[in-house]
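Beneath this line is the structure, given in structure tokens, with notes to follow.
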Amino acid sequence: MICRRSSLSTFPRVSDFVATRPDGAKYVGEFKDDKEHGQGTYTFADGEKYIGEWKDGKKHGQGRTTYPDGGEYVGEWKDGKQHGQGTHTFADGEKWFGEWKDGAPLLE
């Protein structure tokens, strides 16, 4: 992984870091202990993009993921999985909304 501090400020701030992985994935945001932590944007090599909160290198808190096929999930995350209130909009326009647990919707 290549890390560099952007030139957005003359003062070093944790949020000014960019990490680019060999596969082309890129993270821009806050780090703690060499892991994504706080607010950040991760663009995966396949085009998937997550904008939101991170904790210990995992999606955690509020966030939005857009998928290469045009789908999108907006909502809560815990330990890298959809967890809590959220809405998944599929590429064909179908929507699933409500409660999620461990990456799956809770179906009635």
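The values are calculated or read from the model by the stated rules, or taken from the named source; none is laboratory data. These numbers were taken from a predicted model, which means no experiment stands behind them. Note that each Cβ is placed from the backbone with ideal geometry, even for glycine, and that neighbours are counted across all protein chains shown.
Out of the range 52-70, which residues are over 14 Å from Ala19 (Cα atoms) and either touching a helix residue (DSSP H, G or I) at 6+ places or on another chain (Cβ under 9 Å) or surrounded by fewer than 17 Cβ atoms within 10 Å (Cβ to Cβ) (or both)? Let's see the steps before the verdict.
Filtering the range 52-70 for residues over 14 Å from Ala19 (Cα atoms) gives 52-56, 58-70.
Listed by number, the residues that qualify are Asp56, Lys58, Gly61, Gln62, Arg64, Pro68, Asp69, Gly70.
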- Message: Against the conditions (1) buried (at least 17 other Cβ atoms within 10 Å of the Cβ); (2) of a type in the set (Phe, Trp, Tyr); (3) more than 28 Å from Lys35 (Cβ to Cβ), where does Phe90 fall short? Just the number, please.
- Response: (1)
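Residues checked against (1) modelled with pLDDT of 90 or more; (2) among the basic types (Lys, Arg); (3) under 21 Å from Gly80 (Cβ atoms); (4) not in a strand (DSSP E or B):
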position: Ser7; (1), (2), (3), (4): no, no, no, yes
position: Phe11; (1), (2), (3), (4): no, no, no, yes
position: Gly24; (1), (2), (3), (4): yes, no, yes, yes
position: Tyr27; (1), (2), (3), (4): yes, no, yes, no
position: Glu30; (1), (2), (3), (4): yes, no, yes, no
position: Glu36; (1), (2), (3), (4): yes, no, yes, no
position: Thr41; (1), (2), (3), (4): yes, no, yes, no
position: Ala45; (1), (2), (3), (4): yes, no, yes, yes
- Query: Is there any pair linking a residue in the range 87-105 that is free of Cβ contacts under 8 Å to residues at least 12 places away in the same chain and polar (S, T, N, Q) to one that is assigned to a loop (DSSP other than H, G, I, E, B) and exposed (fewer than 14 other Cβ atoms within 10 Å of the Cβ), with Cβ under 7 Å and at least six apart or on different chains, and which?
  - Reply: none
